[in-house]
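Chemist: Would you mind keeping the following structure in view while I ask a few things?
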Amino acid sequence: MTYVPLNELPEYVRNVRAMLRLLPVSTGAITVWLIGDLGAGKTTFVQNLAQEMGITEDVQSPTYVLMKSYELPRTPTSDGFKR
């Protein structure tokens, strides 16, 4: 598990997003697994990642959800993600 201080989270999220851009996506979707104890920061991480990707709806705790999809905005970008 990686410990990221809260003040460094935005930069960490940008780095994770940059790594996700490098993954080959043949199905049009990427599955991300989050593993951690209660209170480890999974929700905070997902909320920051969603914000970075332009998702405006409320992000629920991934601990209590088997699978949750969030719709990306429909403006394509050069990196393959939509903003």
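The values are calculated or read from the model by the stated rules, or taken from the named source; none is laboratory data. Small disclaimer: the values here were computed from a predicted structure and weren't measured. Every residue, glycine as well, gets a Cβ built from its backbone with ideal geometry; the counts of neighbours run over all protein chains shown. Accessible surface is based on the protein model in full, side chains and every heavy atom, while ligands, DNA and RNA are left aside. Shrake-Rupley method; radii C 1.70, N 1.55, O 1.52, S 1.80 Å.
Chemist: Taking the range 35-65 as the search range and keeping residues that are of a type in the set (A, V, I, L, M) and at pLDDT 85 or above, which one is most open to solvent (accessible area, probe 1.4 Å)? Let's see the steps before the verdict.
Modeler: Applying the first criterion (of a type in the set (A, V, I, L, M)) to the range 35-65 yields 35, 38, 40, 46, 49-50, 53, 55, 59, 65.
From what is left, the residues that are at pLDDT 85 or above are 40, 46, 49-50, 53, 55, 59.
Numbers: Ala40: 53, Val46: 30, Leu49: 24, Ala50: 7, Met53: 24, Ile55: 26, Val59: 23 Å².
Among those residues, the one meeting the criterion is Ala40.
Chemist: How many residues does the range 1-27 hold that are open to solvent by 100 Å² or more (accessible area, probe 1.4 Å) and either over 16 Å from the mean Cα position of the chain (by Cα) or among the basic types (Lys, Arg) (or both)?
Modeler: Here the count works out to 7.
Chemist: For Gly28, indicate whether it is part of a loop (DSSP other than H, G, I, E, B) and touching a strand residue (DSSP E or B) at 6+ places or on another chain (Cβ under 8 Å). Before you say what the answer is, go through the steps one by one.
Modeler: Details: part of a loop (DSSP other than H, G, I, E, B): yes; touching a strand residue (DSSP E or B) at 6+ places or on another chain (Cβ under 8 Å): no.
Here the answer is no, as Gly28 does not meet what is asked.
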